[in-house]
Protein chains: 2
Amino acid sequence: MTQGIARLEPVRERISRDLHELAEIREPDHLGWTRRVFSEPYRLAREWVTARMRDAGLEVRRDGAGNLVGVLPGRSPAAPALITGSHTDTVQGGGRFDGIVGVLGAIEVARLLRESGRQLDRDLVVVDFLGEESNDWRLSCLGSRALAGELTRADLDRQDGTGAALGGQFAAFGIDPSAALGEDWLRRRPVHGYVELHVEQGPVLEQRGAAIGVVTAIAGIERLLATFRGQADHAGTRPMGDRRDALVAAAEAVLAVERTGCGAPVHGVATASEAANVRAAPNVVPELIELRAEMRSVDTGWLGTARERLAGDIIAAAQARGVDVSLDWITDNEVVQASKPIQDVIAEEAGAAGIAWEAVPSGATHDAVHMARWCPMGMIFVPSKGGRSHCPEEATGLGDIVHGVRLLAATMCSLDARP
Amino acid sequence: MTQGIARLEPVRERISRDLHELAEIREPDHLGWTRRVFSEPYRLAREWVTARMRDAGLEVRRDGAGNLVGVLPGRSPAAPALITGSHTDTVQGGGRFDGIVGVLGAIEVARLLRESGRQLDRDLVVVDFLGEESNDWRLSCLGSRALAGELTRADLDRQDGTGAALGGQFAAFGIDPSAALGEDWLRRRPVHGYVELHVEQGPVLEQRGAAIGVVTAIAGIERLLATFRGQADHAGTRPMGDRRDALVAAAEAVLAVERTGCGAPVHGVATASEAANVRAAPNVVPELIELRAEMRSVDTGWLGTARERLAGDIIAAAQARGVDVSLDWITDNEVVQASKPIQDVIAEEAGAAGIAWEAVPSGATHDAVHMARWCPMGMIFVPSKGGRSHCPEEATGLGDIVHGVRLLAATMCSLDARP
């Protein structure tokens with residue numbers, strides 16, 4: 001338990017002002033608070049973040065992967081560093097809190113440390129990771145992926161809908177693609193641990209009346225592309241009993257995905273996001289449907305058996321209608337466990353501060369997934385109103401954010417003191 | 001029964017050559033035999049049809065609506081005319097027979113009459129109707145619709161996906177939009193009857209071993225646009241029991257549409273053609289789904305009750321999942337009865353020629369739907385192999401086509417003699 005908790009009290013008005021100022025830097029032609037990676041508002045927002053980092057006394061640099069990095073020097077520059085942060089990009093039509101609370105909260109912790117005159121033993125490294133949200137190249141967590149050494153040449157060759165490669169977009173944004181694949185100063189540092197403050201993006205904390213979530217693990221994701229091939233016939237002349245309707249087979253699959261999710265253990269979910277008719281015409285029996293779905297859970301065993309069971313259900317329903325189906329699965333993320341010692345520190349500090357907390361898994365992916373490959377990882381969740389996220393209605397009360405920042409500060413101080 | 005049947009024997013090789021030549025005039029960049037209305041191949045194909053009409057001794061003109069019209073003068077120019085024909089446009093990725101058989105068959109009938117030295121009492125009017133298939137303006141049967149006086153100013157103001165108006169497309173194709181709405185020489189003619197030769201586009205004749213279908217009625221079509229509004233949530237964090245998933249509600253509706261069709265009387269069908277996620281993203285619970293479906297039957301009473309029952313099923317399934325749904329129905333075509341006297345003539349002539357025939361309803365829409373508003377209407381179907389249509393595999397045996405042309409010739413001769 002850290003003795004300094006009482007002294008590091010976040011300044012509510014300062015956090016509120018930061019949230020409002022950053023929210024104003026956005027793409028005006030899109031719904032909500034839209035600030036997509038590589039957009040001009042994203043570039044401007046990072047200039048704003050750089051200025052806030054400098055105001056807080058951080059030494060600011062970009063690493064080779066385009067992450068914005070502010071360092072608050074500790075007493076022992078050679079000691080393994082503490083890292084905290086998140087991201088400031090948003091989805092299209094997104095909100096003002098996802099990722100942003102973690103970056104602004106980390107900067108506030110640095111300010112509190114400096115104002116209190118308290119210097120940590122270790123360097124405190126605050127990171128605004130490059131492009132965490134999914135993008136036109138269908139690759140999320142660009143910056144943390146690179147930092148963990150998981151960005152590949154093939155990733156940089158990915159093309160968006162216009163044929164533009166991701167690597168070219170890096171270059172246009174001032175990031176040398178080769179450097180993004182390489183190992184630079186930040187990646188060569190020894191690291192003590194990584195803690196990310198983030199909004200929950202789900203309704204569990206609110207429903208349980210908890211102010212803080214101590215993340216136990218981050219869900220693995222199994223993504224499915226199911227391609228249904230039936231037969232295109234005239235929709236007015238082909239009798240019902242003589243059809244091979246790909247959309248009907250896909251509809252059965254959508255319901256099978258839902259059943260799979262409903263049968264999952266706590267926080268397991270399954271979602272069909274799209275059943276696109278590739279050659280839709282009003283008077284043609286659907287021939288070719290592409291269904292996209294995903295399953296998430298922190299239980300690797302369940303993911304495996306559920307995947308097999310779902311595949312069987314989809315194939316059986318399609319065969320009953322004479323429809324061929326091919327299933328392409330991708331394991332997008334494996335289940336990632338949070339560091340047990342860091343979970344314990346967060347829980348202890350929350351208890352000491354009298355903050356009600358719950359141990360919860362994370363259904364969403366975060367930069368922490370990739371950081372966990374590199375160093376011990378922990379996450380602190382604050383509640384999302386109504387569980388809404390990735391939409392303009394996304395909201396977290398200022399009081400909850402202050403709780404989260406207070407706990408992040410206490411956690412960093414506590415981890416600093418541990419060997 | 002017409003005494004002249006034996007003398008009007010279609011020339012098999014000539015029909016085969018015409019089919020092959022016309023099939024070669026197509027859009028090279030698309031699958032199958034694609035010749036969409038207003039395309040350059042469509043313009044060239046109609047020049048080819050004009051030449052074939054002139055070769056057959058027809059006086060060729062275009063009417064105000066862009067229909068290609070060839071007249072074989074009869075002995076009594078003032079007598080109500082006989083009209084036959086169909087269309088030469090295709091759907092994208094379509095076949096070589098839909099519509100085409102009716103136009104080439106009509107030209108062959110004119111050739112046979114002229115070669116036999118037999119002049120009808122009435123003018124024989126052969127029409128290649130403008131754009132029968134659905135197009136980017138979602139309006140089918142352009143030419144027959146105009147000829148029946150059913151084309152409206154609002155129709156010409158319809159826009160395609162690029163914002164281009166249908167009226168402008170008429171003008172670019174050399175058709176004065178005002179003339180298409182007006183009444184010209186052809187529309188002022190008294191008409192004795194209209195008979196259209198067409199491929200069945202379904203499997204019924206083949207399954208029953210019949211060479212000819214005598215069409216009893218053309219199905220009415222009820223089209224549905226169902227808009228499902230749920231709630232966009234993070235697909236990884238929103239628990240299954242707390243979702244309002246629009247795609248799941250739409251999947252239930254797809255299955256309800258299928259059930260409705262399976263419960264229909266003979267030749268009633270129901271088809272969901274699309275369940276489009278307007279803002280699809282892999283990690284978002286679907287919020288807005290647009291489902292398009294249609295029901296067809298020649299039983300108006302069933303269409304009405306089935307529509308109510310289906311609406312109830314869709315709404316109940318959506319409500320059970322907290323999803324709002326709005327249903328927009330359009331009666332695209334009302335049920336159209338074929339003329340009983342013309343049906344009788346076709347059946348008698350088939351019997352006299354020893355051709356096995358069946359009375360069948362038409363599930364597909366045809367130019368005949370609109371012609372029926374103007375004059376007594378009949379249709380002759382020839383079998384479609386495997387019932388396939390609107391696809392490259394669409395096929396009708398040459399022998400079946402010859403049967404159809406022979407019967408069309410006999411029917412026109414018989415009708416010519418009737419008061």
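Each reported figure results from applying straightforward, stated rules to the coordinates on display, with no laboratory input. Keep in mind that what you see is a predicted model, and the values were worked out from it rather than measured. Note that each Cβ is placed from the backbone with ideal geometry, even for glycine, and that neighbours are counted across all protein chains shown.
Taking only DSSP H segments of four or more residues, each worth -39500 (n - 2.57), what value at 222 nm results for the protein assembly as shown once the sum is divided by all its residues, to the nearest 500 deg cm²/dmol?
Theoretical 222 nm ellipticity from helices: -11000 deg cm²/dmol.
Relative to the other identical copies, A:Asp242 shows label-point distances of 5.1 nm, where the label point lies 7 Å from Cα along the Cβ direction and values run shortest first.
Of the trypsin sites (Lys or Arg not before Pro) found in region A:143-224, the ones in coil according to DSSP and having at most 10 other Cβ atoms within 10 Å of their Cβ are A:Arg188.
How much length is gained on full extension from B:Glu150 to B:Ser116, taking 0.36 nm per residue of separation minus their Cα-Cα distance?
My answer for the length gained is 8.5 nm.
Charging the Cβ of each Asp and Glu at -1 and of each Lys and Arg at +1, and nothing else, the dipole of region B:9-168 about its Cα centre rounds to 380 debye. Using only side-chain charges placed at the Cβ, +1 for Lys and Arg and -1 for Asp and Glu, the dipole size of the protein assembly as shown relative to its Cα centre rounds to 140 debye. Counting only DSSP beta bridges whose two residues both lie in chain A, roughly 65 percent are antiparallel. Helix A:300-319 and the longest principal axis of the C-alpha atoms of chain A enclose an angle of approximately 20°.
Of the GluC sites (Glu not before Pro) found in region B:290-395, the ones in coil according to DSSP and having at most 16 other Cβ atoms within 10 Å of their Cβ are B:Glu334, B:Glu393. The Rg/Rh ratio of the protein assembly as shown, with both radii computed over alpha carbons and Rh defined as the Kirkwood radius, is 1.13. Could you work out how far the C-alpha centroid of region A:367-403 sits from that of region A:129-151, in angstrom? Region A:367-403 and region A:129-151 have Cα centres spaced 18 Å from each other. Shown here are the Rg and Dmax of the Cα trace of region B:247-306, at 14.0, 44 Å.
For the pair A:Ala164 and A:Ala417, what calculated FRET efficiency results from E = 1/(1 + (r/R0)^6), where r is the Cβ-Cβ distance and R0 = 41 Å, to the nearest 0.05? Working from the Cβ atoms, E equals 0.30.
From the P(r) of region A:115-250, can you give the percent of Cα pairs sitting at distances over 26 Å?
Tail fraction, whole percent: 56.
Running Debye on chain A with equal point scatterers at the Cα sites and no solvent, what base-10 log of I(q)/I(0) appears at q = 0.06, 0.07, 0.09, 0.12 Å⁻¹? Taking Cα atoms of chain A as identical point scatterers yields -0.27, -0.37, -0.58, -0.97. For the rotational copy pair A/B, the chain A residue whose Cβ lies nearest the symmetry axis, together with its distance in Å, is A:Ala251, 2. Have a look at A:Arg309, A:Arg36, A:Arg373 and tell me which one the Gaussian network model of chain A (Cα, springs below 10 Å) gives the largest fluctuation. Ranking A:Arg309, A:Arg36, A:Arg373 by mean-square fluctuation puts A:Arg309 first. When Rg and Dmax are taken over the Cα atoms of region B:71-130, they come to 13.4, 43 Å. Taking every alpha-carbon pair in region A:309-368 and binning the separations at 10 Å intervals from zero gives 15, 28, 19, 16, 14, 7, 0 percent.
Per residue, the convex hull spanned by the Cα atoms of region A:220-333 amounts to 84 cubic angstrom.
By the rule of a C-alpha distance below 20 Å, with chain neighbours fewer than 8 residues away ignored, no lysines are paired with A:Lys385. Angle of helix A:40-55 to the longest C-alpha principal axis of chain A, folded into 0 to 90 degrees and rounded to 10: 20°. Taking the charge dipole of the protein assembly as shown about its Cα centre, with +1 at Lys and Arg Cβ atoms and -1 at Asp and Glu Cβ atoms, the residue from A:Gly220, A:Ala180, A:Tyr194 reaching farthest to the positive side is A:Ala180.
Spread over its residues, the convex hull of the C-alpha atoms of region A:164-240 is 306 Å³ per residue. Rg and Dmax of region B:342-419, based on Cα coordinates, read 13.6, 42 Å. In plain terms, the C-alpha convex hull of region A:359-398 casts an average shadow of 3.7 nm² when viewed from every direction. Once each part is reduced to its C-alpha centroid, what is the distance from region A:50-72 to region A:177-228 in angstrom? First find each Cα centre; the distance between them is then 21 Å. With coordinates expressed along the principal axes, the C-alpha atoms belonging to region A:1-73 extend over 48, 31, 22 Å, beginning with the largest.
Mean projected area of the convex hull spanned by the Cα atoms of region B:1-123, taken over all viewing directions: 8.3 nm².
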